[in-house]
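Everything below concerns the one structure shown next.
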Amino acid sequence: MDILRIIIAILLPPLGVFLQVGLGGQFWLNILLTILGYFPGIIHAVYIIAKR
């Protein structure tokens, strides 16, 4: 299941974080990072998914 979440996180980083943690602070941080730059959003999303 984590591999599917990582693939989703690469395509849509906020969706990958949402599937992992829901509508928490990490989700909003990821949206901000994705707006500022696509790659920081991907890195953060993969980190959140791999951490849990």
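Read the figures in this text as sums done on the coordinates, not as results from a lab. Keep in mind that what you see is a predicted model, and the values were worked out from it rather than measured. With ideal geometry, Cβ positions are generated from the backbone for all residues, glycine too; neighbour counts draw on all protein chains shown.
Could you check how many residues of the stretch 15-35 are in contact with a His (Cβ under 6 Å, 6 or more places away or on another chain) and not polar (S, T, N, Q)? Spell out the reasoning first.
So in the stretch 15-35, the residues in contact with a His (Cβ under 6 Å, 6 or more places away or on another chain) come out as 30, 33.
Checking which are not polar (S, T, N, Q) leaves us with 33.
Number satisfying all stated conditions: 1.
Of all residues in the stretch 1-50, those being of a type in the set (Ser, Thr, Tyr) and touching a residue at least 12 places away in the same chain (Cβ under 8 Å) number 2.
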